[in-house]
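Everything on this sheet refers to the single structure shown next.
Only the coordinates and a few stated rules stand behind these numbers; no lab work does. Everything numeric in this text was worked out from a predicted model, so none of it was measured. Cβ sites come from the backbone with ideal geometry, for glycine too, and all protein chains shown count toward neighbours.
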């Protein structure tokens, strides 16, 4: 659908959700909205769909109860109008296949409730002396001391005392977030780090006087506490240097490009293979790209929303191909993806989905929107025509 490409998805999302937008974005929206009746209809449907999603709070128990009701009523269609927008639609704010709008409708006579529960996988905290703590749903929040450094450990948040003082050599901890997990850590300087699934962060419990340096594998969103000491994020191929800012680093090994996306402040990116180039600076709204295979770099202007929305519980695709989307799905649900026809990887999508939903719902939405099919067998997902 051409009109979906002429306006940023983040503007549509913020506008429909009643969130504040800048004067510039408001003018962009007004111009787009007033341009044609198709645009106005497009936006109306976007809002209706989102309202239905946000109004529905369906737990797994609710799903099972409703499925029993459906079975009891023998799927009488005249009694199931309320279900038309539930099921698969619950996973989607709105999803578009390039070229047309998709409105999710599900056949409730044969639903599938996936067992995968995203975001709940146990996180491992490795302490300096080799001890490890498994942070799962059974973990009871408590405060413990490690080499005179206090840290409060909760089920979804680890926070180090900001008045700790290093009494000897540096002690390092490592947080390991598996597929289908996520976690937040507040470091000793007050920097807040959101770790995405299949990611790890290696850091000192107390930063030394010279610099604040952490090592990242995977993806994380950083809200860096301001200070005179630089904050450095070390990845296998590059270093990102900041003084106080908000940014996202995506450095998964199975991605072709490393992405550093700046939301606020200023950062510099140093390529380890080209130290002579020094730190290349980017400004808010820009993204530093590094091709893992070729070493080619590029700085591009982007709408940052699709790249950071994961920390707010959303999958966002702005004309991404199916291969890219399903890599994110695979990390979040801890599944393996296989393609019967490699050409399917190139199909493109535009839309928003909630991360906190079931695998089958997400796959059903993509299947209908993109005219593809999925066969799920345990942790293996086959994509076919």
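Working out 0.36 nm times the residue gap between residue 189 and residue 36, then minus their Cα-Cα distance, what length gain in nm do you get to one decimal?
Net length gain for the segment: 50.0 nm.
Applying 1/(1 + (r/R0)^6) with R0 = 41 Å to the Cβ-Cβ distance of residue 211 and residue 140, what FRET efficiency is obtained, to the nearest 0.05?
Working from the Cβ atoms, E equals 0.70.
Using 0.36 nm per residue, how much length does the chain from residue 292 to residue 157 gain when fully extended, once their Cα-Cα distance is taken away?
Answer, rounded to one decimal: 45.4 nm.
If you average the alpha carbon positions of the range 367-382 and of the range 213-288, how far apart do those two centres end up, in angstrom?
Centre-to-centre distance over Cα atoms comes out at 35 Å.
Using 5 Å bins from zero, what percent of all Cα-Cα pairs in the range 118-213 falls into each bin?
3, 14, 26, 27, 18, 9, 3, 1
State the Kirkwood hydrodynamic radius of the range 241-385 in Å, one decimal place, computed from all pairs of distinct Cα atoms.
16.8
Go through 174-180, 269-275, 247-253 and give me the packing order, highest mean Cβ count within 10 Å leading. Mind showing how you got there, number by number?
Working: 174-180: 19.1, 269-275: 15.1, 247-253: 21.1.
Top of the packing list down: 247-253, 174-180, 269-275.
Starting from the exponent 0.38 and prefactor 2.2 Å, build the expected Rg for the range 180-283 from its residue count and divide its actual Cα Rg by it.
For the range 180-283, the normalised Cα radius of gyration comes out at 1.00.
Calculate, for residue 345 and residue 312, the FRET efficiency according to 1/(1 + (r/R0)^6) with r their C-beta to C-beta distance and R0 30 Å; round to the nearest 0.05. Intermediate values should be presented prior to the final figure.
Values: r = 27 Å, r/R0 = 0.90.
Once the sixth-power term is evaluated, E becomes 0.65.
Take every Cα pair under 8 Å in the range 117-210 that's 6+ residues apart, average their separations, divide by the length, and report that relative contact order as a whole percent. Before the final figure, lay out the partial values.
Working: 210 pairs, mean separation 26.5, N = 94.
About 28 percent, as a whole number.
Given q = 0.18, 0.20, 0.23 Å⁻¹, what are the Debye log10 I(q)/I(0) values for the range 230-293, with equal point scatterers placed on the Cα positions and solvent ignored?
Taken in order of the listed q values, log10 I(q)/I(0) reads -0.57, -0.71, -0.94.
Where does each of 366, 337, 352, 7 land when they are ranked from fewest to most other beta-carbon atoms within 10 angstrom?
Least to most surrounded, the residues fall as 337, 7, 352, 366.
Given the Cα-Cα distance of residue 301 and residue 324 and 0.36 nm per residue of separation, how much length would full extension add, in nm?
Length gained between residue 301 and residue 324: 6.3 nm.
Describe numerically, in nm with one decimal, the distance between label points set 7 Å from Cα along Cα→Cβ at residue 254 and at residue 150.
In this crude spin-label approximation the distance works out to 4.2 nm.
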